[in-house]
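Each remark here refers to the structure printed beneath this line.
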Amino acid sequence: MKQPEIDWSNLSFSYIKTDYNVRCTYKDGKWGEIEVSDSEFIPLHIAASCLHYGQESFEGLKAFRGKDGKVRVFRMDENARRFIRSAEGLKMQPMPEELFCEMVRKVVKLNERFIPPYGTGASLYIRPLEIGISPRVGVSPASEYLVIMLVTPVGPYFKEGFKPTKVCISREYDRVAPKGTGSIKAGGNYGASLVAGEKAHELGYSVMLYLDPKEKKYIDECGAANFFGIKDNRYITPASESILPSITNKSLRQLARDLGMTVEERHVPLEELSSFDEIAACGTAAVCSPVSEIDDLDTGEKYVISENGEAGPVTTILYNKIRAIQYGEEPDTHGWCEIIE
Ligand code: PLP
Ligand code: COI
């Protein structure tokens, strides 16, 4: 197996062409066979419902080359179930969990030479997506769907890696509507976040920290990642109908409990920000990214979380713990990883 010429330790979070992607079509009331393709393109009807009415959802998960040389995929059953919820939320055909997992195993094995070596800090990002492909001019759901899974080797999502970043708050932008599609992984949510995201970048912040879209009183989430705060041996994370239930956050909550911490999932009022000892954004891409400062662009308020610009001790422990499980350095006591033979 010839290794590609990639500087694994300096990868960013971006697309690199790999050998294969896998595809599966829902047609005539059933899912077809898994197809393997070496093309980066798809033939698509110009009136496909995904192009006109946003019938698109996606997922993100990772495969890791472990210390023992084995390949581990993290919690793909959770992604499979969220993929089903996203499909249901967009009136698309849900893909059965087992078929989703079969496609993940296949695309990882086919692209084995692109799984970054152990010790480089990089991983193989797996991006499943589903689109409605039937022509629709009137607003109605498609009858045919295509699921594609592509992979690409990635490094850290935020260029700072595990160094704390600054984020900002603005009441000018909502990511999603109060009873909208925030809790599913609809591509449209991300399109709708681009203006705010670019504004944050222009002002020197890594992302926008969104408030709840209804009252603008509570913390929702941090760009394409969930939010958590630490104080008094407590792990506190927002309960909200408009955030994406993060699988990383769910895992960190379990690890926090394992460490004897109290976990609170509840509304987090904006005023509470100043009381946290540590704050971080968490997600598959972001892993656990510490936040050093939060600037409220409307009120001018600055919440300085990390005076010395370093990650806090609890965030560091949680980050190391989840990475150790993913890279097979510590026992996977919760059965989160599947080894791909
Ligand atoms: N929130 C949003 C809006 C996201 O896009 C993501 C990424 O998937 C997350 C949170 C983190 O979720 P997960 O940990 O399942 O990747
Ligand atoms: C992820 O964490 O997997 C994400 O989807 C974040 C972003 C790249 C959309």
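The values are calculated or read from the model by the stated rules, or taken from the named source; none is laboratory data. All figures in this text were calculated on a predicted structure; none of them were measured in a lab. Cβ: placed from backbone, ideal geometry, glycine included. Neighbour counts: every protein chain shown. Heads up: the accessible areas ignore ligands, DNA and RNA and are worked out on the full protein's heavy atoms, side chains in. Shrake-Rupley method; radii C 1.70, N 1.55, O 1.52, S 1.80 Å.
Summary table below
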{"read-out": "Cα gyration tensor category, rounded, prolate or oblate, for the chain with a/c compared to 1.5", "value": "oblate"}
{"read-out": "Probe 1.4 Å - accessible area at Glu272, Å² to nearest ten", "value": "20"}
{"read-out": "Sulfur and carbon atoms: percent of accessible area, the range 1-151 [1.4 Å]", "value": "52"}
{"read-out": "Ratio Rg/Rh [Cα only; Rh per Kirkwood] for the range 196-291", "value": "0.95"}
{"read-out": "Long pairs among Lys67/Lys199; Lys30/Lys321; Lys106/Lys166; Lys106/Lys185; Lys67/Lys106; Lys163/Lys199, criterion Cα-Cα beyond 30 Å", "value": "Lys67/Lys199; Lys30/Lys321; Lys106/Lys166"}
{"read-out": "Arg113-Ala47 pseudo-label distance in nm [points 7 Å out on the Cα-to-Cβ vector]", "value": "4.4"}
{"read-out": "Dipole magnitude of the range 165-326, debye to nearest 20 (Cβ charges: Lys/Arg +1, Asp/Glu -1, about Cα centre)", "value": "660"}
{"read-out": "Residue-wise HN-Hα coupling along the range 65-70, computed from phi with Karplus coefficients 6.51, -1.76, 1.60 (Hz; x: Gly, Pro)", "value": "8, x, 4, 8, x, 7"}
{"read-out": "Partners for Lys216 among aspartates and glutamates (Cα-Cα distance below 20 Å; same-chain residues under 8 apart left out)", "value": "Glu172, Asp174, Glu241, Glu265, Glu271, Glu272, Glu293, Asp295, Asp296, Asp298, Glu301"}
{"read-out": "Per-residue HN-Hα couplings for the range 197-206 [Karplus 6.51, -1.76, 1.60; θ = phi - 60°; Hz; x = Gly/Pro]", "value": "x, 5, 4, 4, 4, 4, 8, x, 9, 7"}
{"read-out": "For Lys302, solvent-accessible area (1.4 Å; no DNA, RNA or ligand), Å²", "value": "120"}
{"read-out": "Solvent-accessible surface (1.4 angstrom probe) belonging to Ile230, in square angstrom, nearest 10", "value": "10"}
{"read-out": "Table column - 3J(HN,Hα) (Hz), the range 209-225, Karplus curve with 6.51, -1.76, 1.60, x for Gly and Pro", "value": "9, 7, 8, 4, x, 7, 10, 6, 10, 10, 6, 9, 8, 10, x, 8, 8"}
{"read-out": "Formal net charge of residues neighbouring Ser37 (Cβ-Cβ distance under 14 Å; K, R +1; D, E -1)", "value": "-2"}
{"read-out": "Descending semi-axes in Å of the range 8-154, equivalent ellipsoid built from Cα gyration tensor", "value": "29, 15, 13"}
